[in-house]
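Participant: I'd like to ask some things about the structure below.
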């Protein structure tokens, strides 16, 4: 779960700054900002990243807990059974909390960006180049969600730039030179803090139930083996 915190918190900040490259602040229209937030924080991408982080975290917890590792070693199918029982519950909890994360990020974006900057960001991230940026950022985070936020951000940015083709440069350069890109850069600390707080609430709210489900799944499995 702690790995997921880092991954999801970085996801919002990395996407808002990739590849980063001043007008007075005016409240942005509801529809464009909602579209932008939904684009950057799509349920599909967050769930895919969350499941990857869950799997990595689960394996890491097992490898660092001698007692748990020994128990799973004695019962070959137990680890897979517990992970299989937890994964759907985790996804359900994650989906339930995504709207709250979007509301947090929406408030930051709508108060920190002008209507024009919202529109420019939406156009870029919805473009073929912007889609490549979003996909590569999430892919890179999913490859190793145990990295520190700084290392993950660096890896994501390197992967994004390596994936760019000459045809992508005009859109990339244009957005990078816009006030939208520079403004989003300044919002990153607030986005990261809001994401971290959201993740902390997610763990506090659903962590105890996940632990109970794990214990119950293990008990059922072992009982069936007697």
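Participant: Taking residue 119, is it closer than 21 Å to residue 169 by Cα, assigned to a helix (DSSP H, G or I) and touching a helix residue (DSSP H, G or I) at 6+ places or on another chain (Cβ under 9 Å)?
Facilitator: On the way: closer than 21 Å to residue 169 by Cα: yes; assigned to a helix (DSSP H, G or I): yes; touching a helix residue (DSSP H, G or I) at 6+ places or on another chain (Cβ under 9 Å): yes.
For residue 119, the condition - closer than 21 Å to residue 169 by Cα, assigned to a helix (DSSP H, G or I) and touching a helix residue (DSSP H, G or I) at 6+ places or on another chain (Cβ under 9 Å) - is met.
Participant: Something else: Could you please find all residues in the range 214-226 being more than 24 Å from the chain's Cα centre (by Cα) and under 28 Å from residue 97 (Cα atoms)?
Facilitator: Initial filter on the range 214-226 (more than 24 Å from the chain's Cα centre (by Cα)): 215-226.
Correct list: 215, 216, 217, 218.
Participant: Has the range 140-151 got at least one residue that is out of contact with any helix residue (DSSP H, G or I) (no Cβ under 6 Å at 6 or more places or on another chain), at pLDDT below 90, over 16 Å from residue 46 (Cα atoms) and not in a helix (DSSP H, G or I)? Explain how you work it out, then say what you get.
Facilitator: Taking the range 140-151 and keeping what is out of contact with any helix residue (DSSP H, G or I) (no Cβ under 6 Å at 6 or more places or on another chain), we get 143-144, 147-148, 150-151.
Cutting the leftovers down to at pLDDT below 90 gives us 143-144, 147-148, 150-151.
Applying the additional criterion that residues be over 16 Å from residue 46 (Cα atoms) yields 147-148, 150-151.
In the following step, the residues that additionally are not in a helix (DSSP H, G or I) were identified as 147-148.
The answer is yes, given that some residue of the range 140-151 is out of contact with any helix residue (DSSP H, G or I) (no Cβ under 6 Å at 6 or more places or on another chain), at pLDDT below 90, over 16 Å from residue 46 (Cα atoms) and not in a helix (DSSP H, G or I).
Participant: Hey, any hits in the range 116-131 for a residue that's within 15 Å of the chain's Cα centre (by Cα) and either over 14 Å from residue 42 (Cβ atoms) or surrounded by fewer than 19 Cβ atoms within 10 Å (Cβ to Cβ) (or both)? Please lay out each step first, then the result.
Facilitator: Initially, the range 116-131 is screened for residues within 15 Å of the chain's Cα centre (by Cα), giving none.
No, the range 116-131 contains no residue that is within 15 Å of the chain's Cα centre (by Cα) and either over 14 Å from residue 42 (Cβ atoms) or surrounded by fewer than 19 Cβ atoms within 10 Å (Cβ to Cβ) (or both).
Participant: Kindly provide the set of residues from the range 164-185 that are surrounded by 15 or more Cβ atoms within 10 Å (Cβ to Cβ), part of a loop (DSSP other than H, G, I, E, B) and over 24 Å from the mean Cα position of the chain (by Cα), ordered by number.
Facilitator: Residue satisfying the conditions is 178 alone.
Participant: Kindly check whether there is at least one residue in the range 64-87 that is in a helix (DSSP H, G or I) and under 18 Å from the mean Cα position of the chain (by Cα).
Facilitator: Yes, that holds for at least one residue.
Participant: Further question on the same structure: Within the range 152-162, take every residue that is under 29 Å from residue 58 (Cβ atoms) and touching a helix residue (DSSP H, G or I) at 6+ places or on another chain (Cβ under 9 Å) and give me the one that is surrounded by the fewest Cβ atoms within 10 Å (Cβ to Cβ).
Facilitator: So in the range 152-162, the residues under 29 Å from residue 58 (Cβ atoms) come out as 152-160.
Narrowing the set further to residues that are touching a helix residue (DSSP H, G or I) at 6+ places or on another chain (Cβ under 9 Å) leaves 152-153, 155-160.
Working: 152: 24, 153: 21, 155: 17, 156: 26, 157: 19, 158: 12, 159: 17, 160: 22.
Looking at residues that are under 29 Å from residue 58 (Cβ atoms) and touching a helix residue (DSSP H, G or I) at 6+ places or on another chain (Cβ under 9 Å), I get 158.
The values are calculated or read from the model by the stated rules, or taken from the named source; none is laboratory data. All figures in this text were calculated on a predicted structure; none of them were measured in a lab. Glycine gets a Cβ as well: all are built from the backbone with ideal geometry, and neighbour counts include every protein chain shown.
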